[in-house]
């Protein structure tokens with residue numbers, strides 16, 4: 001791969017690309033150079049030349065995608081880009097990369113690699129009606145059968161096998177036609193040579209530029225240990241976008257989980273496979289029924305544990321469960337599973353499916369044994385009880401050891417770039433570098449080019465009830481959102497920190513606007529969970545085009561990665577400061593770790609976490625130079641507590657409103673401006689790529 005036109009430093013080529021008369025400007029004359037974008041691009045170029053590690057916080061609107069892609073593509077090295085979301089992964093591969101490769105006249109091969117569950121499994125599709133691919137049951141639902149027929153027709157034409165090519169499939173169908181590591185039959189598969197997963201990985205290994213996601217990023221080393229050719233060691237440049245999610249993804253990946261649903265699913269699959277291949281060879285029915293019975297008894301020991309919370313697990317059993325009873329039932333499940341493992345071992349040569357099942361039983365036994373022992377000192381363990389099953393989790397406290405192992409594995413020098421719109425609330429970006437074990441990384445903060453004092457207002461209502469009075473506080477937030485939505489004809493997004501608040505606020509808004517009918521010009525209230533995320537956002541982005549305004553009440557994943565530019569969103573309401581629950585086992589363990597290092601758990605961990613989350617949420621409002629809007633945070637702690645100034649300093653420099661009169665006046669002006677101004681359908685931009 002040779003793309004450099006001369007031996008000049010990479011920074012000079014990058015400067016030429018971003019120049020007013022450079023390659024990018026000539027190809028896209030509507031794009032305007034930005035100083036922040038060029039500063040980031042130069043920093044990336046220097047890091048590539050020096051094989052250094054660079055951490056960059058690039059505010060919304062900087063155009064960080066082009067800022068890292070241009071120097072990476074011009075470097076002449078193999079590039080791997082990791083993203084947190086499939087949406088950005090698809091955007092990079094389908095839009096940004098082809099555009100830049102054309103503008104820079106670079107004949108490079110690009111590939112996109114997703115996880116196994118994103119690709120059609122030809123083996124499972126071929127056996128889907130044989131009664132052994134879905135927990136021992138053949139699908140009979142007419143709607144599911146229609147979708148299966150759709151997949152079978154598509155399978156004849158697709159070359160990539162990416163399930164994203166068939167949007168709208170029901171979630172219950174995907175496990176029927178995709179594989180996991182545990183149920184993939186490997187090289188014994190009749191479709192091995194045509195396997196879409198294998199082909200996608202082969203293309204990624206041959207490509208000059210490959211786009212992966214964070215989970216695959218961490219899985220690369222594990223695949224290497226299993227004999228699969230690794231991707232990361234080949235790269236000269238590794239770029240991690242949406243890097244603020246890297247630690248959480250890494251902790252999830254390095255963690256170990258075991259659910260009673262897995263055990264019961266194994267029992268059902270084993271019943272189907274042994275009935276087909278080993279009927280009568282062993283007392284399968286007795287063995288498998290015994291396993292199901294012991295698992296159900298184990299679940300019963302946790303009946304007193306509340307649902308919906310992580311239950312701390314510091315000793316022999318999760319909090320609230322009798323240790324002797326818990327351990328007894330755990331070992332009983334282990335004995336039942338071991339008897340099945342031994343029976344499968346004696347017949348595994350009869351059929352590959354039996355050997356695969358025996359391996360699966362062994363893996364479950366190993367995981368069960370892990371939870372029978374005390375947790376290591378550098379990890380945390382907890383229990384989640386759901387309505388019908390338990391989930392046991394053990395996770396490391398940080399991703400640092402895993403990340404260091406990945407970065408130090410290659411024998412040749414590599415450049416590493418970690419970037420996001422939010423990576424901390426301090427100039428040294430310690431929130432990110434300390435957590436990920438990157439103390440020697442170069443750091444750079446590039447501010448957003450948006451004019452926040454002109455474009456946005458921040459309102460903290462002084463009469464908001466204390467956040468601990470949950471019912472009263474949620475009712476207040478709903479009235480605040482209703483008042484704003486009425487003044488603006490909708491255009492309101494409400495972000496909540498808990499599902500309980502989501503349900504309460506959503507119900508009250510739907511009741512109020514439903515009762516009002518068309519009195520306020522017609523406003524639809526959308527609530528997370530009452531439709532897919534994609535459908536909710538598409539309706540919200542339509543704004544008032546259908547003659548009705550829109551309010552969206554959401555939580556969790558809507559706090560980040562949601563881009564709503566223009567007049568569809570003008571009021572963002574946040575119910576309270578997003579502090580992580582202090583009684584969460586992972587939070588408790590990390591707090592104790594911070595204290596052991598001589599740090600203050602609140603100021604050095606909990607407060608930066610809240611600042612990061614708040615910054616992400618507020619970032620949903622202003623997405624372009626023409627956007628106008630208001631943020632209302634219904635939490636008086638922002639103005640009353642000593643830590644309030646630190647949280648305010650982490651936010652964009654919006655004008656602060658602290659009285660109901662100022663709020664009313666700003667709402668009125670915003671509504672009047674909306675009536676007078678026609679927003680363009682395509683927002684103007686600098687050299688931005690994605691945000």
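Go over the candidates 262, 319 one by one and state the one that is in a loop (DSSP other than H, G, I, E, B), closer than 22 Å to residue 380 by Cα and at pLDDT below 95.
Details: 262 fails: in a loop (DSSP other than H, G, I, E, B).
Unique residue meeting the criteria: 319.
Can you tell me which condition residue 248 does not meet? The list is (1) out of contact with any helix residue (DSSP H, G or I) (no Cβ under 6 Å at 6 or more places or on another chain); (2) within 24 Å of residue 158 (Cβ to Cβ); (3) in a helix (DSSP H, G or I), and all the others hold.
(2)
Of all the strands (runs of 3 or more DSSP E) wholly in the range 375-435, which have at least 2 residues that are touching a helix residue (DSSP H, G or I) at 6+ places or on another chain (Cβ under 9 Å), crowded, with 20+ Cβ neighbours inside 10 Å and not assigned by TED's automatic domain parsing to the domain that holds residue 215?
Values: elements: 379-385, 390-396, 415-420.
So the answer is 379-385, 390-396.
Are there strands (runs of 3 or more DSSP E) fully within the range 488-588 with at least 1 residues that are assigned by TED's automatic domain parsing to the domain that holds residue 380 and within 24 Å of the chain's Cα centre (by Cα)? List them. Write out each step before concluding.
Numbers: elements: 492-495, 523-527, 549-554, 571-574.
Once the strands (runs of 3 or more DSSP E) in the range 488-588 are filtered for at least 1 residues that are assigned by TED's automatic domain parsing to the domain that holds residue 380 and within 24 Å of the chain's Cα centre (by Cα), nothing remains.
Mind counting the residues in the range 517-536 that are modelled with pLDDT under 90 and over 16 Å from residue 485 (Cβ atoms)?
5
State all residues of the range 529-556 that are touching a helix residue (DSSP H, G or I) at 6+ places or on another chain (Cβ under 6 Å) and over 14 Å from residue 489 (Cα atoms); if no residue qualifies, say none.
553, 555
Go through the range 34-52 and count every residue that is over 11 Å from residue 67 (Cβ atoms), surrounded by fewer than 21 Cβ atoms within 10 Å (Cβ to Cβ) and in contact with a helix residue (DSSP H, G or I) (Cβ under 7 Å, 6 or more places away or on another chain).
Number satisfying all stated conditions: 2.
So, residue 332, is that one in contact with a helix residue (DSSP H, G or I) (Cβ under 8 Å, 6 or more places away or on another chain) and surrounded by fewer than 16 Cβ atoms within 10 Å (Cβ to Cβ) or not?
Working: in contact with a helix residue (DSSP H, G or I) (Cβ under 8 Å, 6 or more places away or on another chain): yes; surrounded by fewer than 16 Cβ atoms within 10 Å (Cβ to Cβ): no.
No: the conditions fail for residue 332.
Any residue in the range 66-76 that is within 20 Å of the chain's Cα centre (by Cα) and either closer than 17 Å to residue 209 by Cα or assigned by TED's automatic domain parsing to the domain that holds residue 562 (or both)? Spell out how you get there, then give the answer.
Taking the range 66-76 as the starting set, the residues that turn out to be within 20 Å of the chain's Cα centre (by Cα) are none.
Within the range 66-76, not a single residue is within 20 Å of the chain's Cα centre (by Cα) and either closer than 17 Å to residue 209 by Cα or assigned by TED's automatic domain parsing to the domain that holds residue 562 (or both).
Looking at residue 489 and the list (1) on the phi > 0 side of the Ramachandran plot; (2) surrounded by fewer than 21 Cβ atoms within 10 Å (Cβ to Cβ), which single condition is not satisfied?
Of the numbered conditions (1) on the phi > 0 side of the Ramachandran plot; (2) surrounded by fewer than 21 Cβ atoms within 10 Å (Cβ to Cβ), the odd one out for residue 489 is (2).
Results for (1) surrounded by fewer than 18 Cβ atoms within 10 Å (Cβ to Cβ); (2) at pLDDT below 90, shown as yes or no for each residue.
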position	(1), (2)
267	no, no
271	no, no
275	yes, no
282	yes, no
309	yes, yes
313	no, no
326	no, no
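Give just the number: which of (1) in a loop (DSSP other than H, G, I, E, B); (2) touching a residue at least 40 places away in the same chain (Cβ under 8 Å) does residue 598 not satisfy?
(2)
Pick out the one residue from 185, 238 that is in contact with a helix residue (DSSP H, G or I) (Cβ under 8 Å, 6 or more places away or on another chain), assigned by TED's automatic domain parsing to the domain that holds residue 165 and either more than 26 Å from residue 414 (Cβ to Cβ) or modelled with pLDDT of 90 or more (or both). Reasoning before the result, please.
Working: 238 fails: assigned by TED's automatic domain parsing to the domain that holds residue 165.
Sole residue among the options that is in contact with a helix residue (DSSP H, G or I) (Cβ under 8 Å, 6 or more places away or on another chain), assigned by TED's automatic domain parsing to the domain that holds residue 165 and either more than 26 Å from residue 414 (Cβ to Cβ) or modelled with pLDDT of 90 or more (or both): 185.
Can you go through 354, 370, 337 and tell me which one is touching a strand residue (DSSP E or B) at 6+ places or on another chain (Cβ under 7 Å) and either surrounded by fewer than 19 Cβ atoms within 10 Å (Cβ to Cβ) or part of a helix (DSSP H, G or I) (or both)?
Working: 354 fails: touching a strand residue (DSSP E or B) at 6+ places or on another chain (Cβ under 7 Å); 337 fails: touching a strand residue (DSSP E or B) at 6+ places or on another chain (Cβ under 7 Å).
Exactly one residue qualifies, and that residue is 370.
When residue 191 is evaluated against the numbered criteria (1) surrounded by fewer than 17 Cβ atoms within 10 Å (Cβ to Cβ); (2) at pLDDT below 80; (3) in contact with a helix residue (DSSP H, G or I) (Cβ under 6 Å, 6 or more places away or on another chain), which criterion, by number, is the only one it fails?
That leaves (2) as the condition not met.
Pick from 25, 16: which is assigned by TED's automatic domain parsing to the domain that holds residue 203, crowded, with 17+ Cβ neighbours inside 10 Å and part of a helix (DSSP H, G or I)?
Values: 16 fails: crowded, with 17+ Cβ neighbours inside 10 Å.
Of 25, 16, the one residue that is assigned by TED's automatic domain parsing to the domain that holds residue 203, crowded, with 17+ Cβ neighbours inside 10 Å and part of a helix (DSSP H, G or I) is 25.
Pick out the one residue from 667, 651, 621 that is closer than 20 Å to residue 245 by Cα, in contact (Cβ under 8 Å) with a residue 60 or more places away in the chain, touching a strand residue (DSSP E or B) at 6+ places or on another chain (Cβ under 8 Å) and buried (at least 21 other Cβ atoms within 10 Å of the Cβ).
Exactly one of 667, 651, 621 is closer than 20 Å to residue 245 by Cα, in contact (Cβ under 8 Å) with a residue 60 or more places away in the chain, touching a strand residue (DSSP E or B) at 6+ places or on another chain (Cβ under 8 Å) and buried (at least 21 other Cβ atoms within 10 Å of the Cβ), namely 651.
Examine the range 213-225 for a residue that is more than 30 Å from residue 157 (Cα to Cα) and buried (at least 18 other Cβ atoms within 10 Å of the Cβ), and state whether such a residue exists. Let's see the steps before the verdict.
Restricting attention to the range 213-225, the residues satisfying the condition of being more than 30 Å from residue 157 (Cα to Cα) are 218, 221-222, 224-225.
Right, trim to buried (at least 18 other Cβ atoms within 10 Å of the Cβ) and you get 218.
Within the range 213-225, one or more residues are more than 30 Å from residue 157 (Cα to Cα) and buried (at least 18 other Cβ atoms within 10 Å of the Cβ).
The values are calculated or read from the model by the stated rules, or taken from the named source; none is laboratory data. Remember, predicted model here, so these are calculated numbers, not experimental data. Ideal geometry is used to build each Cβ from the backbone, glycine not excepted, and the neighbour counts take in all protein chains shown.
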